[in-house]
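Q: One structure is given below, represented as structure tokens, and several questions about it will come after.
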Ligand code: NAP
């Protein structure tokens with residue numbers, strides 16, 4: 001059997017995993033929920049770097065790797081590229097186009113955490129939507145600020161930080177309610193692209209709020225690149241029928 005290894009951890013990847021029959025593999029880093037409703041096998045945890053992944057591809061007789069990891073999971077994408085080259089396995093990738101600023105947007109790019117802190121300094125009530133990164137800096141919050149941090153980790157926060165433990169998708173009304181309740185005056189975001197977490201940008205736009213946008217990491221080339229899960233799923237379905 002020719003087997004597919006799908007690298008996931010995103011809604012796009014899960015949508016693709018749903019069409020994978022038994023025998024193919026959906027792989028997760030092991031940080032979040034592991035789905036139990038799929039026909040394909042699900043594995044969780046790292047491969048042990050490029051060499052480990054190349055060995056896995058060989059040992060498991062993988063004939064195609066589909067990288068549908070998050071656009072900021074740059075290490076996994078780089079490892080996939082290198083390991084596929086070593087094992088001579090083709091690599092497809094889903095690369096969600098970045099969000100683009102629209103008329104009225106006030107986006108301020110930051111390339112790392114230090115720049116994020118600088119950009120946020122003039123504000124009092126930032127909303128951090130970067131995942132768990134902000135949790136590592138709870139003891140550095142200036143006295144003039146209260147942070148709202150939305151991430152998947154349940155965490156008590158502290159006197160200067162409230163943690164909102166929530167998983168997207170997020171809609172406009174829900175985002176408006178959160179901005180109102182927390183008095184948000186600036187949004188800190190990755191440029192994830194896609195619809196699921198886009199509403200916060202629309203709310204920032206309608207309220208004239210600044211968005212501090214963490215720059216996207218560079219991602220490696222792939223043999224085929226898809227803009228969205230639907231086109232990758234169609235191509236994969238076609239590929240599977242030809243095996
Ligand atoms: P990363 O920095 O690129 O990867 C760190 C290490 O985690 C990799 O070297 C690999 O370990 C392991 N890993 C990552 N994705 C894996 C997968 N799908 N299957 C098996 N091992 C995997 O990734 P990250 O930014 O920590 O993200 C971890 C996971 O969360 C990814 O699956 C990603 O799609 C998902 N995610 C990330 C973000 C984000 O903003 N970064 C947002 C939403 C979801 P080894 O080197 O040992 O193989």
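The values are calculated or read from the model by the stated rules, or taken from the named source; none is laboratory data. Worth saying up front: this structure is predicted, and the values here are computed from it rather than measured. In this analysis, Cβ positions are derived from the backbone assuming ideal geometry, glycine residues included, and neighbour counts consider all displayed protein chains.
Q: Please work out if residue 218 is closer than 22 Å to residue 32 by Cα and part of a loop (DSSP other than H, G, I, E, B).
A: Spelling it out, it is not the case that residue 218 is closer than 22 Å to residue 32 by Cα and part of a loop (DSSP other than H, G, I, E, B).
Q: Here is a further query. Answer yes or no: is there a residue in the range 6-17 that is assigned to a strand (DSSP E or B), within 21 Å of residue 196 (Cα to Cα) and near the ligand (Cβ under 8 Å from one of its atoms).
A: Looking through the range 6-17, at least one residue is assigned to a strand (DSSP E or B), within 21 Å of residue 196 (Cα to Cα) and near the ligand (Cβ under 8 Å from one of its atoms).
Q: Still on this structure: How many residues does the range 189-221 hold that are crowded, with 21+ Cβ neighbours inside 10 Å and touching a helix residue (DSSP H, G or I) at 6+ places or on another chain (Cβ under 6 Å)?
A: The number of residues fulfilling the criteria is 4.
Q: Quick one: is residue 167 within 15 Å of the ligand (Cβ to nearest atom), touching a residue at least 12 places away in the same chain (Cβ under 8 Å), surrounded by fewer than 17 Cβ atoms within 10 Å (Cβ to Cβ) and within 25 Å of residue 14 (Cα to Cα)?
A: On the way: within 15 Å of the ligand (Cβ to nearest atom): yes; touching a residue at least 12 places away in the same chain (Cβ under 8 Å): yes; surrounded by fewer than 17 Cβ atoms within 10 Å (Cβ to Cβ): yes; within 25 Å of residue 14 (Cα to Cα): yes.
Considered against the rule, which asks whether it is within 15 Å of the ligand (Cβ to nearest atom), touching a residue at least 12 places away in the same chain (Cβ under 8 Å), surrounded by fewer than 17 Cβ atoms within 10 Å (Cβ to Cβ) and within 25 Å of residue 14 (Cα to Cα), residue 167 comes out as yes.
Q: A further question on this structure: Name the residue that is surrounded by the fewest Cβ atoms within 10 Å (Cβ to Cβ), counting only residues in the range 8-22 that are modelled with pLDDT of 95 or more and out of contact with any helix residue (DSSP H, G or I) (no Cβ under 6 Å at 6 or more places or on another chain).
A: Among those that are modelled with pLDDT of 95 or more and out of contact with any helix residue (DSSP H, G or I) (no Cβ under 6 Å at 6 or more places or on another chain), it is 22.
Q: Need pairs with beta-carbon distance below 7 Å; first residue within 19 Å of residue 243 (Cβ to Cβ) and assigned by TED's automatic domain parsing to the domain that holds residue 83 and within the range 6-34, second modelled with pLDDT under 95 and more than 6 Å from the ligand (Cβ to nearest atom); sequence gap 6+ or separate chains.
A: As it stands, the answer is 23/1, since those pairs meet every condition given.
Q: Here is a further query. Quick check on residue 83: is it part of a helix (DSSP H, G or I), closer than 19 Å to residue 241 by Cα, within 14 Å of the ligand (Cβ to nearest atom) and at pLDDT 95 or above? Full working, then the answer.
A: Values: part of a helix (DSSP H, G or I): yes; closer than 19 Å to residue 241 by Cα: no; within 14 Å of the ligand (Cβ to nearest atom): yes; at pLDDT 95 or above: yes.
Criteria not met by residue 83.
Q: Ok, one more. Within the range 22-78, take every residue that is more than 10 Å from the ligand (Cβ to nearest atom), part of a loop (DSSP other than H, G, I, E, B) and out of contact with any strand residue (DSSP E or B) (no Cβ under 8 Å at 6 or more places or on another chain) and give me the one that is farthest from residue 152 (Cα to Cα).
A: Within the range 22-78, the match that is farthest from residue 152 (Cα to Cα) is 39.
Q: Which residue pairs have Cβ atoms under 6 Å apart, sit 6 or more places apart or on different chains, and have a first residue in the range 210-230 that is under 14 Å from residue 112 (Cβ atoms) and a second that is surrounded by fewer than 16 Cβ atoms within 10 Å (Cβ to Cβ) and modelled with pLDDT of 95 or more?
A: 212/108; 213/109; 215/109; 215/111; 216/98; 217/74
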